[in-house]
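Beneath this line is the structure, given in structure tokens, with notes to follow.
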Amino acid sequence: MNNPLIFDGHNDVLGKMLKDGGPSAIDAFITGNDGHIDLPKAQKGGLGGGFFAIWVSSPMDLGDALKAMAQPKYDLPLPDAVPLDLATKDALAQAALLIRLEDRGALKICRNAADIRTCLNTGKLAALMHMEGAEAIDADLLALDVFYHAGLRSIGPVWSRPTIFGNGVPFRYPGSPDAGEGLTPAGHRLVDRCNELRIMIDLAHLNEKGFWEVAARSHHPLVATHSNVHAICPHARNLTDRQLAAIAESDGMVGLNFAAAFLRPDGRMNDDVPVEYMLRHIDHLIEHLGEDRVGLGSDFDGAVVPQVIGDASGLPVLCEAMRAHGYDAALLAKLCHGNWLRVLEKTFGS
């Protein structure tokens with residue numbers, strides 16, 4: 001049975017490619033690599049495109065972090081802030097990778113919703129340039145304008161560590177997103193400039209105080225590109241029902257994160273996650289946001305995802321599960337890509 005093409009709210013392909021050699025990893029993306037997303041897997045799984053994140057890694061042992069998150073309880077300290085010069089170097093390298101992928105014909109960098117629609121209609125992989133954590137943006141916001149003209153259309157002020165713009169939410173289970181101070185004065189200026197440029201502001205890693213400050217200041221829809229339901233999995237990274245109500249009121253949306261620790265009620269980063277857990281989160285999101293404000297935000301190449309999905313080629317498993325769960329064709333199309341197109345069009349303008 002044919003499934004709608006998927007436009008996904010978050011992947012970390014660029015960071016993985018940078019680790020795998022940068023430009024030398026481009027051929028493997030085109031022909032097939034060992035990650036969650038490459039062109040063959042995208043074509044097999046019906047992945048039509050998504051948010052390609054620029055994320056600057058922290059000098060930390062991710063293996064130790066994943067081991068900690070497999071325990072019944074954990075509270076990982078926020079990594080240290082990344083200096084601007086180091087962050088800029090990594091961010092430029094990842095932006096260049098996306099541009100080179102476009103030059104090779106592997107994808108198209110989309111600057112508006114119309115570009116994405118064209119890609120979905122023609123079979124070209126659609127890439128929205130996103131920045132997960134604004135470490136590469138200076139306090140005067142000069143770099144923001146440069147990245148915008150390179151194609152940046154979405155930015156999270158923070159990943160789960162502090163920046164000059166605000167504070168991230170920790171990887172803590174059980175835990176609340178109400179953790180620490182929110183935006184700084186520079187963060188307020190970032191929100192204002194993003195509104196002027198019509199850059200989407202991603203709330204996924206922002207702590208609750210920062211969330212409410214963005215909600216009070218921004219006049220764009222509130223969006224969490226890859227977040228789940230705190231009432232089901234009480235992880236600090238997940239959204240409370242009160243936050244969901246604010247997102248609904250703003251006519252924004254949430255993309256379902258496939259990361260195991262944010263899906264499982266026990267908060268463990270183990271991949272033995274039944275697809276029913278994903279459906280439980282989607283049901284709750286639809287109940288609190290409505291059918292027009294829920295999508296997918298896989299976190300492919302940036303997280304441990306359910307074994308039943310595996311990688312982008314396994315996306316039909318989720319589509320068929322949603323269909324069997326009772327979602328009709330119209331709702332399935334909204335969840336797979338229609339709702340992202342709606343909120344992007346509302347943010348960017350026609």
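Go through Asp311, Asp241, Asp328, Asp251 for me and flag whichever is closer than 30 Å to Gly63 by Cα and not basic (Lys, Arg). So that I can check it myself, show each step before the final result.
On the way: Asp241 fails: closer than 30 Å to Gly63 by Cα; Asp328 fails: closer than 30 Å to Gly63 by Cα; Asp251 fails: closer than 30 Å to Gly63 by Cα.
Matching residue, one of Asp311, Asp241, Asp328, Asp251: Asp311.
If you go through the stretch 106-130 and pick out every residue that is farther than 13 Å from Gly151 by Cα, open to solvent by 40 Å² or more (accessible area, probe 1.4 Å) and in contact with a helix residue (DSSP H, G or I) (Cβ under 7 Å, 6 or more places away or on another chain), you end up with 1.
One line per residue, one yes/no per condition, for (1) open to solvent by 50 Å² or more (accessible area, probe 1.4 Å); (2) under 14 Å from Ala106 (Cα atoms); (3) touching a strand residue (DSSP E or B) at 6+ places or on another chain (Cβ under 8 Å):
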residue	(1), (2), (3)
Lys16	no, no, no
Asp20	yes, no, no
Ile26	no, yes, no
Lys44	yes, no, no
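Residue count for the stretch 80-134 satisfying the condition of being hydroxyl-bearing (Ser, Thr, Tyr) and either at pLDDT below 95 or over 22 Å from Pro157 (Cα atoms) (or both): 2. Being open to solvent by less than 30 Å² (accessible area, probe 1.4 Å) and of a type outside the set (A, V, I, L, M) is the filter here; which residues of the stretch 64-105 pass it? Across the stretch 64-105, the qualifying residues are Tyr74, Pro79, Gln94.
On the given criteria, is Leu86 free of Cβ contacts under 8 Å to residues at least 60 places away in the same chain, closer than 23 Å to Gly21 by Cα and part of a helix (DSSP H, G or I)?
yes
In summary, Gly133 fulfils each of the numbered conditions (1) open to solvent by less than 10 Å² (accessible area, probe 1.4 Å); (2) closer than 18 Å to Ala42 by Cα; (3) not hydrophobic (A, V, I, L, M, F, W, C) with the single exception of condition (2).
Take the stretch 288-308 and flag every residue that is outside any loop (DSSP other than H, G, I, E, B) and either farther than 18 Å from Pro234 by Cα or touching a Gly at 6+ places or on another chain (Cβ under 8 Å) (or both).
Residues of the stretch 288-308 that are outside any loop (DSSP other than H, G, I, E, B), as a first pass: 288-289, 294-296, 300.
Passing the criteria: Leu289, Val294, Gly295, Leu296, Phe300.
Leu318 meets the conditions (1) modelled with pLDDT of 95 or more; (2) over 19 Å from the mean Cα position of the chain (by Cα) in every case but one. The failed one is (2). A single entry from Ala150, Ala236, Ala204 fulfils the requirement of being surrounded by fewer than 20 Cβ atoms within 10 Å (Cβ to Cβ) and small (Gly, Ala, Ser): Ala150. Taken residue by residue, the stretch 175-184 has no member that is at pLDDT 95 or above, within 20 Å of Ala93 (Cα to Cα) and either among the hydroxyl-bearing types (Ser, Thr, Tyr) or part of a strand (DSSP E or B) (or both).
The values are calculated or read from the model by the stated rules, or taken from the named source; none is laboratory data. The shown structure was predicted, so the numbers you read here are calculated from the model rather than taken from an experiment. Methodologically, a virtual Cβ is constructed for each residue, glycine included, from the backbone with ideal geometry; neighbour enumeration extends over all protein chains shown. Heads up: the accessible areas ignore ligands, DNA and RNA and are worked out on the full protein's heavy atoms, side chains in. Shrake-Rupley method; radii C 1.70, N 1.55, O 1.52, S 1.80 Å.
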